[in-house]
Each structure stands twice: as structure tokens, then as C-alpha cells.
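Inspection log for the structure reproduced underneath, given as C-alpha cells.
The values are calculated or read from the model by the stated rules, or taken from the named source; none is laboratory data. If you're wondering where the values come from, they're calculated on a predicted model, not measured in any experiment. So basically every Cβ, Gly included, is an ideal-geometry build from the backbone, and we count neighbours across all protein chains shown. The protein model used for the area step is the full one, side chains on, heavy atoms only, and it has no ligands, DNA or RNA in it. Shrake-Rupley method; radii C 1.70, N 1.55, O 1.52, S 1.80 Å.
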Amino acid sequence: MSVLYDLAIIGAGPGGSDSAEFAAMNGLKCVIFEKNNVGGVCLNEGCIPTKTLLHSAHIYHKVAADGRKYAIESAEVGVDMGKLIARKNKIIKKLSAGIRSGLTNHGVKLVMAEARINGKDSDGNFQILAGEESYSTKRILLATGSRSFIPPIPGLDSISYWTNKEALDYKELPKSLTVIGGGVIGMEFVSFFNTMGVPVNVVEMLPKILGLMDEEISEELMKSFEKRGVKFYMNTEVVGVEPGIVHAETSEGERIDIEGEQIMVSVGRRAVTEGLGLETLQIATERGAVMVDEHMSTNVAGVYACGDITGRALLAHVARRAGQVAVHHMLGIEDRMNYNAIPGVVYTDPEIAAVGATEKELQTAGIAYEVLRLPMAFSGRFVIENEQVNGICKLLIDNEKHIIGAHLMGNTSSEFITMATLAIEKKMTVDELSRIIFPHPTISEVIFSATYPRALYLS
């Protein structure tokens, strides 16, 4: 007699693998399917490998460019790209083994094969085909993630170009690079290659980089990279490519040719739904993504989805939380997905971290707000670690003094944006946040300092 699972998960990225462990810990018999690599895009092609490269670039920049600012005299410093890629691969292998071990230790069956939904059997259980096997399950969680979107640019299909995946495996630096797209992923690669000494161009259709992030912060980051030699072509549409050349048109109609030995395409990502068999259950989608409610339930009872496949907030930590919400619903535990306090980080040098509303969003919605703004230099620790560099801490508060947005620029921002996230999630006021004791000296103290009235006068 075939095994009946309580839960079948398709996709072993952050959302899928964490959900499998959590569900198994709570007594559900689970099977998880993965057609590529355990850990998904985040571990193998995204979050972890890019941050590995960026960390080495940050160390290199500190010593090679800024060493003397910190009283460090050093001989000529260089980066061995072959060893850097090898280190990246070693870290991926180590973390992948950890995920496999976690699944095994919690009794989750891992099936390395492409899975496809095949409707229901006569008992009303869902059927999933993987390889040559068929699996029965009471519930399904879709967690297949996303892939790079490749726009229909004339000439693109006849040249060798990079997405984030290819850019992570080259052991030789290009002589120059043109990045199509100034979003988060694109800007992180701009930061890496610029630090490595590669001349970089950025072509962006919008008037600002980093999409929906705070305009002031985006502008300051762009200025910092312009000072380091990065050339930005804003309000500019790519109309064609050929080897080493991007043909573009400005918003004024001017045609320009942008030269760069290597071309990288980074214009967003799309949910992976192809071949999943969604049609066998008539699972509803919108603009290529699976539709879910606040419990991460689809329109089909017993079928859930989490992470990038839902098309909302394409971030690994969102996938994890959404998976938790889904499993809670399966277990009858009250929980709902909230998208109002989702932190986002851009791991450039300097880092950017943000959570909650932006000024533009509040202005568009007609919501009154105040800005509490301080230079990062109000933190002694920041001054110690960032010689002749400044940053920004900006908190947005409503009429009742609740914190509704936080936008930070400065290295290690990613490590303390959680404090602002907690404040927004728990609807804390400035007064309540100011009563929390922050350790000294830390860069996170700048959030505490920004809650003081003086921040208003410095904005």
C-alpha cells in the first residue's frame, strides 16, 4: 500500500525546506521535492553566493583603498577570483549539507526530482508525479520560487550575456561591464565589480535606482557610486544589443551606444509555475503568480503557496515566514501574513536597509507623517568603522507618533533593521522605542538617538 503523506512540498528553497522541518516537528508526515539543488535560488544562485563575494570585496576595499585611513600600512593587495569562487562553492556545499541533514533528522523524505500535480485520486487525496513515482498527500505547499526575467531585447538571444547565475561563476573579471537594470540584484553586482576595479555602466528605464526604495536613500547610494566611477544612464530604454554594445534610447529620444565587454541582464524575476500541473486542480493565478489569501491558502482547499511563486515580496525571509503561516493554518493555529513590516536589504558598500512605508507612498496615500533623521555619525561605533564616510538613519512617524517606516544607509544596517521591523510590527511609538536600552557602542544606537526630539531639528 502506498504511503499517504500529510504534506507534500514542491521546492526545497528557504520557504519549502523550513516549512518541511516545522511541519514535521509538529507531527505532519512530509515529503519534499526538488528538481535542482537543495536550498533553492537563495542558497545556490542568490543570497548566499552574492554575499560571499560582496564580503570579500568589502574586506578588499577596506584594505586596498581605505587601509591608511585606519592606520594600516599594507603591501599591494589583490583578489584571487578562482579562490573566491571556490570559497563561495564551499560555503554553498556546507549549507546545503546542513539543510539536507535538517530534513533527514526531522524525518522528511527528500525526493530529488521534478514534481508535477496530477489532480486527485478517488479518495480525494492529491496526486503528485515525480520521476517514475506517484505520491499521495492530504495537502500541498507550492514553493518553487522564481527565475530571472529575460526581456525581449532585440539581439539578446544571439549574444553571450550574464544573469546573476552566470555572474557568480566567472573566475576572470571582465574588462568592463554594462548592467541592464538598476534594481537590488543589479546594484549588488555593480558594487562587487566596481570594487574589483571593473568599469561599470548601469542602464535603467526608471528615473531612480532600487525601484520602490526610499528616494533619498537611493539617490545617495547612486551618488556614492558615481564618485567611484560608475556611469548611470537613467530614464533610458535598451532597444538592442550586440557583442560588447548596448543600444539605448533616452527619454528625450536620443540614441546612444554604451560599450562594455560583458553585458548583464538584471530586470527582475518571475514566479516559476511552468509544468507544475496547476491546471489539474484549477489553481488560480494572476500575472503568472499563484494567488493566495492571508493564510497562504490558494483557491483550492488544502493547497498552499509561499515565497516567490506568490509574486509578493520576492525575498527569502518572506518565503520562510509565509511558509510558517501556511503550516500554522494546517495545524489550526491562528496566524496571518502581514506585508506591512518586511525588511529589505541591499548589500552594496555602503549597505541599505529599509522597512515599512516610504515618504512617496505616504504622500501618494495622503497620510500625514514626520521625518526623524540623523547622520549615522551620531553613532561612535559607526565613526570608528567608517572613516570619512557618513550615512543616514531616517524614521517616519505618523500623527500618533507610531513608527511606520525606517530607512538606513550605512554598513551593518542589515544587522539592526530588525529593531525597526519589530517596532513597526508591534505598532510601537517613538516614546516606547526610546525606552529600550541599546548596547554601547553599537551602530544600532543611531535608531535610539533618532527617537530624541533633536532629530527633528537636524532633518
Note down all Cβ pairs under 6 Å where the first residue falls in region 345-368 and is more than 14 Å from residue 216 (Cβ to Cβ) and among the aromatic types (Phe, Trp, Tyr), the second is open to solvent by less than 30 Å² (accessible area, probe 1.4 Å) and assigned to a helix (DSSP H, G or I), and they're at least six residues apart or on different chains.
347/54; 347/188
Return yes or no: is residue 230 touching a helix residue (DSSP H, G or I) at 6+ places or on another chain (Cβ under 8 Å), buried (at least 17 other Cβ atoms within 10 Å of the Cβ) and not small (Gly, Ala, Ser)?
yes
If residue 334 satisfies every condition in (1) open to solvent by less than 20 Å² (accessible area, probe 1.4 Å); (2) over 21 Å from the mean Cα position of the chain (by Cα) but one, which is the exception?
(1)
Select from region 263-278 the residues that are touching a Phe, Trp or Tyr at 6+ places or on another chain (Cβ under 9 Å) and surrounded by fewer than 20 Cβ atoms within 10 Å (Cβ to Cβ) and write down the one among them that is nearest to residue 140 (Cα to Cα).
270
Cβ pairs under 6 Å, 6+ apart, first in region 255-274 and free of Cβ contacts under 8 Å to residues at least 40 places away in the same chain, second surrounded by fewer than 22 Cβ atoms within 10 Å (Cβ to Cβ)
255/249; 257/245; 257/247
Could you list, in sequence order, all residues of region 361-390 that are among the small types (Gly, Ala, Ser) and open to solvent by 10 Å² or more (accessible area, probe 1.4 Å)?
365, 366, 368, 377, 380
Condition first: β-branched (Val, Ile, Thr), within 28 Å of residue 278 (Cβ to Cβ) and in contact with a helix residue (DSSP H, G or I) (Cβ under 7 Å, 6 or more places away or on another chain). Now tell me which residues in region 92-120 satisfy that.
99, 108, 117
Quick check: anything in region 425-433 exposed (fewer than 15 other Cβ atoms within 10 Å of the Cβ) and in contact with a Lys or Arg (Cβ under 6 Å, 6 or more places away or on another chain)?
no
Mind listing whichever residues of region 441-454 are within 30 Å of residue 188 (Cα to Cα) and either loosely packed, with under 15 Cβ neighbours inside 10 Å or touching a strand residue (DSSP E or B) at 6+ places or on another chain (Cβ under 7 Å) (or both)?
441, 446, 447, 449, 450
From the option list 383, 371, single residue qualifying as β-branched (Val, Ile, Thr) and in contact (Cβ under 8 Å) with a residue 60 or more places away in the chain is 371
Quick check on my filter: what residues within region 340-359 are open to solvent by 30 Å² or more (accessible area, probe 1.4 Å) and either under 12 Å from residue 404 (Cβ atoms) or modelled with pLDDT under 95 (or both)?
340, 359
Which residues, counting only those in region 110-159, are at negative phi and among the small types (Gly, Ala, Ser)?
113, 115, 122, 130, 134, 136, 143, 146, 148, 158
Considering only region 61-103, how many residues are without any contact (Cβ under 8 Å) to a residue 40 or more places away in the chain, open to solvent by 60 Å² or more (accessible area, probe 1.4 Å) and among the basic types (Lys, Arg)?
6
Out of the residues in region 16-60 that are more than 25 Å from residue 333 (Cα to Cα) and in contact with a Lys or Arg (Cβ under 7 Å, 6 or more places away or on another chain), state the one that is surrounded by the fewest Cβ atoms within 10 Å (Cβ to Cβ).
52
Scan region 199-215 for residues that are closer than 12 Å to residue 231 by Cα and out of contact with any helix residue (DSSP H, G or I) (no Cβ under 7 Å at 6 or more places or on another chain) and jot them down.
199, 201, 203, 204
One residue is enough: does region 41-58 have a residue meeting the conditions in a helix (DSSP H, G or I), within 30 Å of residue 381 (Cα to Cα), of a type outside the set (A, V, I, L, M) and out of contact with any helix residue (DSSP H, G or I) (no Cβ under 8 Å at 6 or more places or on another chain)?
yes
On the given criteria, is residue 284 closer than 20 Å to residue 342 by Cα and of a type in the set (Gly, Ala, Ser)?
no
Every residue in region 134-165 that is over 20 Å from the mean Cα position of the chain (by Cα), open to solvent by 20 Å² or more (accessible area, probe 1.4 Å) and closer than 21 Å to residue 17 by Cα, please.
134, 135, 138, 139
Any residue in region 312-336 that is over 25 Å from residue 47 (Cβ atoms) sitting within a Cβ distance under 8 Å of a residue that is aromatic (Phe, Trp, Tyr) and modelled with pLDDT of 95 or more? List the pairs, counting only those 6 or more apart or interchain.
329/304; 330/304
For the subset of region 21-40 comprising residues that are in contact with a strand residue (DSSP E or B) (Cβ under 7 Å, 6 or more places away or on another chain) and part of a helix (DSSP H, G or I), which member is farthest from residue 415 (Cα to Cα)?
24
Within region 165-190, can you find the residues that are closer than 22 Å to residue 315 by Cβ and either in a loop (DSSP other than H, G, I, E, B) or in contact with a His (Cβ under 9 Å, 6 or more places away or on another chain) (or both)?
168, 181, 182, 183
